[in-house]
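The values are calculated or read from the model by the stated rules, or taken from the named source; none is laboratory data. Everything quoted here is computed from the prediction, not taken from an experiment. Quick reminder, even Gly has a Cβ in these numbers, built from the backbone with ideal geometry, and neighbours come from all protein chains shown. Surface accessibility is based on the protein's heavy atoms, side chains included, excluding ligands, DNA and RNA. Shrake-Rupley method; radii C 1.70, N 1.55, O 1.52, S 1.80 Å.
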Amino acid sequence: MQKIAKEIRALTIECIASIGQGHIGGSLSIVDALTVLYYKHMNVNPNDPKMKGRDRLVVSKGHAGPGVYATLAHKGYFPKKELLTLNKFGTNLPSHCDMNKTPGVDMTAGSLGQGLSCACGMALGSKLDKDNAYIYCIIGDGESQEGQIWEASMFAAAAKLDNLIVMLDNNKLQLCGYTEDVLSLLDPAKKWESFGFYVQSIDGNDLEQIDKAIINAKENKGKPSMIVLNTVKGKGFSYSENAGIDNHSMPVSAEILAKAKEELK
């Protein structure tokens, strides 16, 4: 799994380097979660992306698209060479995830705050269909300043959507600074617990902890689950990790790509 995560990180950076700049920080911070989901837990089939009864993932923080695309390409949803078309004319890989363009993407994203509501609808539909699917949703900490996140959370708890597993990418940075300075979430674990969620707070860049948390979430009954992923924005590459508040969207030159590939061997 460590090897796969490194490969996905390298592909993510290569994808962004193909256009010269992109959302590297928030893409790399969730690679470990994406790795565990797609290679351990999610019931999906790259040869049949619309498979009935499949598990689904809503990446509500849609600017993490490059990380999602790299994971899908690594899993075999489409050729890896397509990663080099990111955000270019005629591409199937726009800057933010689009379910109408990219095989394996289950929900279009971009306007922050909306993805969790969509995931709630999917989870409710899955219960009505009795297909035993799990719906996963990754949201951002900056995104959690949106009121719609909390409206969706109230609904999820009221509807007892225990097939909904939400992950908060708590990397403590957003577009314009530290979340603590922009609009603090205070204690996010306590917040979601007070909204009726079964909550776990873990090291979100530790593959074993992510795996165990998902197992625990699946065993939980009667409540939706929240896994607070305490992550490092830009995780896995010194260039992006050390950039701090500047790593939301960064230039990635050929030289930087070469350095990344060397670090991620």
* Asked: Restricting attention to region 218-265, and to residues there that are of a type in the set (Lys, Arg) and farther than 16 Å from residue 8 by Cα, which single residue is least open to solvent (accessible area, probe 1.4 Å)?
  -> 218
* In region 180-193, which residues are under 20 Å from residue 221 (Cβ atoms) and open to solvent by 80 Å² or more (accessible area, probe 1.4 Å)? -> 193
* To do: Select the helices (runs of 4 or more DSSP H) contained entirely in region 1-115, then report the ones holding at least 3 residues which are of a type in the set (D, E, K, R) and modelled with pLDDT of 95 or more.
  => 2-17
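For (1) of a type in the set (Gly, Ala, Ser); (2) under 22 Å from residue 111 (Cβ atoms); (3) in contact with a strand residue (DSSP E or B) (Cβ under 8 Å, 6 or more places away or on another chain); (4) open to solvent by 10 Å² or more (accessible area, probe 1.4 Å), each residue gets a yes or a no:
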{"site": "128", "(1), (2), (3), (4)": "no, no, no, yes"}
{"site": "135", "(1), (2), (3), (4)": "no, yes, yes, no"}
{"site": "138", "(1), (2), (3), (4)": "no, yes, yes, no"}
{"site": "142", "(1), (2), (3), (4)": "yes, yes, yes, yes"}
{"site": "154", "(1), (2), (3), (4)": "no, yes, no, yes"}
{"site": "167", "(1), (2), (3), (4)": "no, yes, yes, no"}
{"site": "175", "(1), (2), (3), (4)": "no, yes, no, yes"}
{"site": "178", "(1), (2), (3), (4)": "no, no, no, yes"}
* Structure fact -> Considering residues that are open to solvent by 20 Å² or more (accessible area, probe 1.4 Å) and not β-branched (Val, Ile, Thr), the number found within region 16-41 is 8
* Asked: Identify, please: which residue in region 120-143 is part of a helix (DSSP H, G or I) and touching a Leu at 6+ places or on another chain (Cβ under 6 Å) and is, among those, nearest to residue 231 (Cα to Cα)?
  -> 143
